[in-house]
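> Pasting a structure here, questions to come.
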Amino acid sequence: MTLDLDFVRAQFPAFSEPSLAGQSFFENAGGSYTCGAVIDRLTRFYRARKVQPYAPYPASRLGGEEMDEARTRLSAMMGVDEDELSFGPSTTQNVYVLAQAFGEMLEPGDAIIVTNQDHEANTGAWRRLAERGIELREWQIDPETGHLDPVALTALLDDQVKLVCFPHCSNVVGEINDVAAITQLAHAAGAVTCVDGVSYAPHGLPNVAELGADIYMFSSYKTYGPHQGIMVVRRALAERLPNQTHSFNAGSLPMRFTPAGPDHAQVAACAGIADYIDALYAHHMGGQEAPAARAEAVHDMMRAQEAAVLQPLLDYAAKKNSVRLIGPARAERRAPTVALDCAAPGEDLAASLAPHGIMAGGGDFYAVRPLTAMGVDPDKGVLRLSFVHYTSAEDVDRLVDALDRVL
């Protein structure tokens with residue numbers, strides 16, 4: 001079903017903001033626009049619920065109910081139990097807490113696998129476990145394409161490996177990794193998986209149960225919400241890992257890996273992400289499907305829109321002799337996060353695009369390892385052009401015209 005872009009954009013106040021008029025937003029991988037449902041919930045919480053939640057008086061009770069609603073609805077959309085989902089201040093912080101838990105559980109001689117395709121958030125904290133005597137094995141990308149070959153992973157797996165950490169897709173390579181297949185390989189070797197979904201989830205919430213991942217993490221500020229990290233840890237693993245919070249909270253899975261108190265207002269506002277997904281489903285399809293089915297239908301619709309708009313940009317970049325396109329040249333194989341290695345520094349190119357109404361980013365994007373592996377100088381960085389389903393074909397036309405002027 002074709003996405004109704006007018007309806008979509010009507011859900012985002014940014015598209016009616018006068019200061020943003022006439023500009024096209026191509027740095028969504030750094031954070032998406034926030035949908036109106038999230039803004040409304042956040043505003044309501046600060047106006048009427050900004051008290052300690054879960055007490056019996058009305059403002060507190062309602063605040064707690066709204067926080068619970070966010071967890072209940074988002075977990076249902078991802079096919080997992082409510083208490084398998086938790087909120088933290090950021091994905092980077094969530095990974096750090098989990099690394100501490102694994103560091104307590106693993107023993108010297110145990111091994112973990114990380115990749116050099118990752119954003120530093122899902123590799124740096126794991127790599128530091130080597131200081132505790134944990135063996136570190138690196139699953140390396142192809143230096144030309146940035147591809148992670150599952151055959152290369154198989155060669156690294158044995159009964160010493162307890163954990164495999166990899167991205168659903170890289171924030172510079174963009175290629176979508178086959179999470180289900182990779183997880184099956186890891187499970188067959190007796191390992192669990194930690195999947196960084198930060199660069200994938202903005203393009204449609206995944207069904208974590210179907211993927212089979214033991215841990216799946218993403219950032220709500222990139223999925224049209226507030227600045228929170230959302231983390232799923234499946235029950236069988238969560239109950240094995242050492243508690244990282246107060247001892248009296250050890251029996252609560254959502255609290256087990258959240259040592260700091262959550263941002264109550266932002267957690268409650270995350271229910272607005274579910275509001276938005278349900279609004280898209282109701283407008284385009286309707287019906288009474290279960291939450292996971294609704295989320296899957298919206299996911300597929302988002303991906304179809306993105307692929308159609310993305311392919312002309314990939315075709316342009318692939319034909320440009322002065323540009324190296326990082327990652328696949330076919331839209332169906334990747335997210336619309338497009339890194340270009342050019343002669344000029346990425347930040348300079350982004351600055352040159354701004355007068356043409358293009359909001360883009362340049363730099364290394366904390367992806368120093370994959371860029372270095374592919375022969376890109378991280379100090380020069382890349383120009384990154386990233387978008388989501390609310391980006392139009394006209395936006396891409398404007399971008400291509402601007403690129404022709406500045407490259």
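The values are calculated or read from the model by the stated rules, or taken from the named source; none is laboratory data. For clarity, every value in this text was computed on a predicted model and none was experimentally measured. Cβ atoms come from the backbone with ideal geometry, glycine included; neighbour counts cover every protein chain shown. Side chains included, ligands, DNA and RNA excluded: accessible areas come from the protein's heavy atoms. Shrake-Rupley method; radii C 1.70, N 1.55, O 1.52, S 1.80 Å.
> When Rg is the radius of gyration of the Cα atoms in the stretch 248-347 and Rh is its Kirkwood radius, what does Rg/Rh come to?
Values: Rg = 20.3 Å, Rh = 17.5 Å.
Looking at the stretch 248-347, the ratio lands at 1.16.
> Restricting things to alpha carbons, find the Rg to Rh ratio for the stretch 42-273 using the Kirkwood radius for Rh.
Values: Rg = 17.9 Å, Rh = 18.1 Å.
My calculation of the ratio gives 0.99.
> What percent of all Cα-Cα pairs in the chain falls into each 20 Å bin, going from 0 up to the bin containing the maximum distance?
That works out to 27, 58, 15, 0, in percent per bin.
> Still on this structure, I have one more. Select from Leu314, Leu349, Leu62 the residue whose mean-square fluctuation is largest in a Gaussian network model of the chain (Cα-Cα springs shorter than 10 Å).
The residue with the greatest mean-square fluctuation here is Leu62.
> Return the loop-located trypsin sites (Lys or Arg not before Pro) in the stretch 34-85 (DSSP other than H, G, I, E, B) with at most 14 other Cβ atoms within 10 Å of their own Cβ; answer none if there are none. Numbers along the way, then the final one.
Working: sites: Arg41, Arg44, Arg47, Arg49, Lys50, Arg61, Arg71, Arg73; in loops: Lys50.
When the trypsin sites (Lys or Arg not before Pro) of the stretch 34-85 are filtered for loop state and at most 14 Cβ neighbours within 10 Å, Lys50 remain.
> Roughly what would the spin-label model give for Ala393 and Lys319, points 7 Å off Cα along C-beta, in nm?
Each label point lies 7 Å from its Cα, and together they span 1.6 nm.
> If you don't mind, there's one more thing I want to ask. Residue-wise, which Karplus ³J(HN,Hα) couplings in Hz belong to the stretch 324-339, taking 6.51 cos²θ - 1.76 cosθ + 1.60, θ = phi - 60°, and x for glycine or proline?
Each residue of the stretch 324-339 in turn: 9, 7, 8, x, x, 9, 10, 4, 5, 9, 8, 7, x, 10, 10, 9 Hz.
> May I pose another question? So what J values fall out for the stretch 135-148 if you push phi through Karplus, 6.51 cos²θ - 1.76 cosθ + 1.60 with θ = phi - 60°, rounded to Hz, Gly and Pro as x?
Each residue of the stretch 135-148 in turn: 6, 10, 10, 9, 8, 9, 7, 5, x, 8, 9, x, 6, 9 Hz.
> At a 1.4 Å probe radius, which order do Thr258, Thr145 fall into by accessible area, largest first? Before the final figure, lay out the partial values.
Details: Thr258 20, Thr145 65 Å².
Ranked list, largest accessible area first: Thr145, Thr258.
> When the chain is fully extended, how far beyond the present Cα-Cα distance does His246 get from Glu138, taking 0.36 nm per residue of separation?
Working: separation 108, 0.36 × 108 = 38.88 nm, distance 3.38 nm.
Gain on stretching His246 to Glu138: 35.5 nm.
> With springs only between Cα atoms under 10 Å apart, run a GNM on the chain and tell me which of Ala55, Ala191, Ala125 wobbles the most.
Comparing Ala55, Ala191, Ala125 in a Gaussian network model of the chain, the most mobile one is Ala55.
> Okay, moving on. Going out from 0 in 5 Å bins, what whole percent of all Cα-Cα distances in the stretch 1-143 drops into each bin?
Going from the shortest bin to the longest, the percentages are 2, 7, 10, 12, 13, 14, 13, 11, 9, 6, 2, 0.
> May I ask you to list the residues of the stretch 76-94 whose amide nitrogen lies under 19 Å from a point 7 Å from Cα along the Cα→beta-carbon direction of Asp263?
Only 86-94 fall inside the zone, counting backbone N under 19 Å.
> I need the shape label for the stretch 133-263. Rule: rounded when a/c is under 1.5, else prolate if a/b > b/c, else oblate, with a, b, c from the alpha carbon gyration tensor. Could you put the intermediate results ahead of the total?
On the way: a/c = 2.10, a/b = 1.27, b/c = 1.65.
Because a/c hits 1.5 or more and a/b fails to exceed b/c, the stretch 133-263 counts as oblate.
> Can you list residues whose amide H is under 5 Å from Arg334's amide H, if they're 5+ apart or on another chain and H is modeled 1.01 Å from N?
Those qualifying (amide H under 5 Å, at least 5 residues apart or on another chain) are Ile176.
> Each residue of the stretch 230-243 in order: what ³J(HN,Hα) in whole Hz does its phi give by Karplus 6.51 cos²θ - 1.76 cosθ + 1.60, θ = phi - 60°, with x for Gly and Pro?
Rounded to whole hertz, the list is 10, 9, 9, 10, 5, 3, 4, 7, 4, 6, 7, 6, x, 4.
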